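No lab work stands behind these numbers, since they all come straight from the coordinates. None of these values were measured; they are calculated from a predicted model. Neighbour counts are summed over all protein chains in view; Cβ atoms, including those assigned to glycine, are modelled from backbone coordinates with ideal geometry.
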Amino acid sequence: MSVRARNWMKFGGLVSLAFALGLLFAGLLDLPESTVAQQSGSTKPTLVPTRNTAQRSPIRAAQPLVDLSDAFAAVVDHVRPSVVYITSLRQREGTARRVPPGFEQFFRQQQPQVERGSGSGFIVSNDGYVLTNNHVVENADQVHVRLLDRREFTATVVGTDPMTDVAVLKIDADHLTPATLGQSESARVGEWVLAIGNPLGEGLAFTVTSGIVSAKGRGQLQLGNNSSGLGIQDFIQTDAAINPGNSGGPLVNMRGEVIGINSAIASRTGFNVGYGFAIPIDLANNVMTQLIATGHVQRSVLGIGVADVTEEAAEYVNLDEIRGVVVQSFTGSRSPAERAGIKVGDVIITIDGNRVDYTAQLQQLVGFRKPGEVARVEVARKGGARKTIPVRLMAQNQDVTVASNAPNTDEPSSDNAGSAAVERLGIQIEPLTAQWTRQLQLPSTIAGVVVASITAGGPAERANLLPADRGTSPDIIVEVEGVKISAEADLRRALRSASGVVAVTVYNQGLNNGEGGRRIVYVRLANQ
């Protein structure tokens with residue numbers, strides 16, 4: 001072989017080696033399989049994926065967040081087909097115009113106005129029952145329900161319950177996806193929840209928001225037109241964004257179960273500021289069952305007026321915890337609780353062995369029982385005494401006559417003239433004169449002493465006694481520890497040997513919407 005041939009062979013080998021090294025280097029750099037191409041006549045490049053992203057592994061540290069995101073999406077996929085968009089139509093009569101005789105043909109008569117509303121709901125059965133809020137469909141002439149798949153149906157209102165703000169609708173449809181109902185009693189403060197509904201109308205239909213259960217047992221929200229004070233309120237509070245139009249939609253836990261019906265927000269603007277409230281599904285389910293069966297809700301009552309326990313009340317009956325409800329009064333002349341032996345001032349701590357922590361729990365444990373059933377009511381009394389009393393329940397509204405107060409025939413003592421300080425209670429009192437009786441429009445049977453003023457920061461103020469000098473209907477002290485009070489001297493004698501917390505019975509004409517009534521106030525006496 002000539003020298004020339006050997007040189008060409010060496011040169012070819014070097015070129016081959018360089019080419020092989022170039023391929024190896026390009027592989028190590030992971031050069032793109034495709035390039036960024038720019039279309040002709042366009043300055044905007046078209047991006048082409050460099051590799052199959054499905055083959056890439058997620059960042060290991062972010063895997064819990066990926067799992068959480070997948071869980072949220074799975075819950076939404078499960079529940080969202082159950083949610084519906086509800087529209088309601090209400091006709092309002094137009095105002096007739098006064099037209100001179102003979103000119104009617106030149107004026108168009110005003111037609112009835114149509115008021116439109118919208119809200120949310122969710123399907124609860126394969127045969128078309130839908131759960132929503134009463135205020136979404138209240139007084140509606142027509143109700144329409146639209147599904148996620150855009151099918152729309154005219155709904156029948158099966159029944160409504162203003163006291164719990166629950167309503168049941170029925171649509172004639174097939175291929176429905178009912179929601180799974182959970183147990184609101186087992187919901188925990190702090191757990192993740194989703195709110196699904198139609199905030200602000202059709203433009204944002206089927207919106208999903210997330211948050212946590214912020215609190216349970218919220219009450220006294222005064223929803224809807226229920227001003228009777230007899231409504232059952234035990235709301236779940238959440239910070240999931242809820243706005244007008246979300247009403248009636250489901251509040252869902254991370255197992256895909258409905259634990260509440262979104263119903264209200266606490267806001268000065270009318271829009272979400274982080275405080276939303278949902279009716280517990282356990283309560284709504286009880287109402288729904290009765291509405292479907294009979295079209296109305298039948299409730300039972302003990303025939304008592306109650307209030308949540310205070311620290312002083314818990315101490316008075318030797319409770320280890322501040323829980324239970326205090327019997328303040330009897331709400332009917334035929335009160336079954338009074339006939340059974342329950343007394344004003346008793347603290348109810350269980351019903352049929354079920355723990356009672358606050359008023360709404362008591363209402364639910366009693367309200368959905370059948371009239372005539374017997375409830376075993378455990379009460380705590382002064383000094384730690386415990387007693388279980390069987391009470392036969394009666395139907396709500398069976399007797400709504402407020403029990404008249406027993407006449408107090410004690411004559412006023414001769415030393416009750418003028419105002420005087422009862423320092424241990426932290427109050428100033430005045431005699432209940434004829435002038436006070438006329439001014440406050442009191443029944444002639446009421447005797448006692450008027451709370452004229454209270455000491456700032458004193459025992460009476462901490463116990464929320466109401467004085468006359470603050471522009472409200474004042475409390476009138478009628479009993480202390482069961483001793484009737486007609487004058488200051490009676491009050492001093494009742495407090496002479498008392499210590500710690502005492503039970504003070506007051507009458508206030510402002511209670512019960514101005515009809516007047518009594519309540520128990522527990523006051524921790526100041527040291528002598």
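Near the amide H of residue 260, within less than 5 Å, lie the amide hydrogens of 251, 281, all on another chain or at least 5 residues away, with H placed in the peptide plane. A simple spin-label model places pseudo-atoms 7 Å from Cα toward Cβ; at residue 116 and residue 489 they are separated by 7.6 nm. If you take all other residues with their beta carbon under 13 Å from the beta carbon of residue 385, and give Lys and Arg +1 and Asp and Glu -1, the sum is +3.
Extension gain for residue 74 to residue 175 (0.36 nm times residue separation, less C-alpha to C-alpha distance): 34.3 nm. Extension gain, residue 273 to residue 63: 0.36 nm times the residue separation minus the Cα-Cα distance gives 72.4 nm. Plainly put, the range 300-395 has a radius of gyration that is 0.93 times its Kirkwood radius, both from alpha-carbon atoms, as the Rg/Rh ratio.
Consider a paramagnetic label point 7 Å from the Cα of residue 315 along Cα→Cβ; state which residues of the range 446-485 have an amide N under 17 Å from it. Residues 457-465, 481 qualify, since their backbone N sits under 17 Å from the label point. Annotation note: GluC sites (Glu not before Pro) in the range 137-208 located in DSSP loop regions with a Cβ neighbour count of at most 16 within 10 Å are 191. When both the range 57-82 and the range 147-162 are represented by their alpha-carbon centers, they are found 31 Å apart. Each peptide among 171-177, 457-463 gets the average number of other Cβ atoms lying within 10 Å of its residues, and from highest to lowest they stand as 457-463, 171-177. The peptide list 140-146, 243-249, put in order of mean Cβ contacts within 10 Å with the highest first, becomes 243-249, 140-146. Would you tally the net charge around residue 317, using a Cβ to Cβ cut-off of less than 13 Å, leaving residue 317 out, and scoring K and R as +1, D and E as -1? Net local charge, residue 317 excluded: -1. Residues whose amide H falls under 5 Å from that of residue 91, counting only those 5 or more places apart or on a different chain, are 115, 141, with hydrogens built in the peptide plane.
Take 60-71, 305-316 and order them by the average number of nearby Cβ atoms within 10 Å per residue, most first; the result is 305-316, 60-71.
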